[in-house]
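Have a look at the structure below, then the notes.
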Amino acid sequence: MNELSNMSLADMPSFTEHDTRVEKKAHYGQIVARFQEADCSDTQNLVYLIDTIDQMSPEIYEHYRSLQDLFRVNIQGLLNAIRQPGDRYQARSEEELQQLAYCLQKACANHTLLQEKYQDLHIIR
């Protein structure tokens, strides 16, 4: 775990891809633990999380599902924090808006989130 604990979340998607292809998924538990220790309520960290999920094999269901659950809890918390009256969401910056859109699109594409629930979400800046 020492190697992973010093690794930034930005490095996790590429590390996960390597672990999936070369290391036979040997570090999946440590990858999950690294994200569980991190603050994933930040949109940038959610980008790293969804990109990591995208590189992880769903064959190792327990770890894959743990990251999906972590993403769902944190995206919901973030959306609740920026919710405005009338089912509208106000991003705090253009960067946050772009990151949220990216996360939602990718999460729907890899079935971490249900597209039907999020496709009509109205986020403004």
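The values are calculated or read from the model by the stated rules, or taken from the named source; none is laboratory data. As the structure is a prediction and not an experimental result, all values here were calculated from the model. So basically every Cβ, Gly included, is an ideal-geometry build from the backbone, and we count neighbours across all protein chains shown. When the accessible area is computed, the model is the full protein with side chains, heavy atoms only, and any ligands, DNA or RNA have been set aside. Shrake-Rupley method; radii C 1.70, N 1.55, O 1.52, S 1.80 Å.
About its Cα centre, what dipole magnitude does the chain give when the only charges are +1 on Lys and Arg Cβ and -1 on Asp and Glu Cβ, stated in debye to the nearest 20? Provide the component values of the computation, followed by the final result.
Numbers: 12 positive and 19 negative charges, 62 e Å.
Its charge dipole is roughly 300 debye.
Volume per residue, Å³, of the convex hull around the alpha-carbon atoms of segment 19-125?
Cα convex hull per residue, to the nearest whole number: 92 Å³.
Please report, in whole Å³, the volume per residue of the convex hull around the C-alpha atoms of segment 72-125.
Cα-based convex hull of segment 72-125, divided per residue, equals 70 Å³.
Between segment 98-125 and segment 1-77, what is the C-alpha centre distance in whole Å?
After rounding, the separation between the Cα centres reads 19 Å.
When we measure straight from the Cα of Lys106, which lysines land under 24 angstrom away, once same-chain ones fewer than 8 places off are left out?
Within the straight-line limit of under 24 Å, Lys106 reaches these lysines: Lys25, Lys117.
Where Rh is the Kirkwood radius over the Cα pairs of segment 1-66, the temperature 20 °C and the viscosity 1.002 mPa s, what D in µm²/s does Stokes-Einstein return?
Value of D from the Cα-based Kirkwood radius: 184 µm²/s.
Take the Cα coordinates of segment 31-92, assign each an equal point scatterer, and use the Debye formula without solvent to give log10 I(q)/I(0) at q = 0.26, 0.29 Å⁻¹.
Cα-only, vacuum Debye calculation for segment 31-92: -1.05, -1.23.
Keeping all protein chains in place, calculate the accessible area per residue for segment 1-56 (probe 1.4 angstrom), answer in Å². Show your work: numbers first, answer last.
Numbers: 2700 Å² over 56 residues.
Here the per-residue accessible area is 48 Å².
Roughly speaking, to the nearest percent, how much of segment 43-96's 1.4 Å accessible area is carbon and sulfur? Each step should come with its number before you reach the end.
Values: 1250 of 2750 Å².
Answer for segment 43-96: carbon and sulfur cover 45 percent of the accessible area.
Of the options Ile60, Met12, Val32, report the single residue whose Cα projects farthest towards the positive end of the charge dipole of segment 1-81 (beta-carbon charges: Lys, Arg +1; Asp, Glu -1).
Checking the options against the dipole of segment 1-81, the answer is Ile60.
Given Cα pairs under 8 Å that are at least 6 residues apart, what percent is the relative contact order of the chain?
On the way: 123 pairs, mean separation 28.9, N = 125.
Averaging sequence separation for qualifying contacts and normalising by length gives 23 percent for the chain.
Per DSSP helix of 4 or more residues, -39500 (n - 2.57); summed, then divided by the residues of the chain. What does that give at 222 nm, rounded to the nearest 500?
It lands at -19000 deg cm²/dmol.
Could you pull out every whole DSSP H run in the chain that spans at least 15 Å of Cα extent along its own axis and averages -1.0 or higher on the Kyte-Doolittle scale?
Those that pass (Cα extent of 15 Å or more, hydropathy at least -1.0) are 43-55, 61-81, 94-109.
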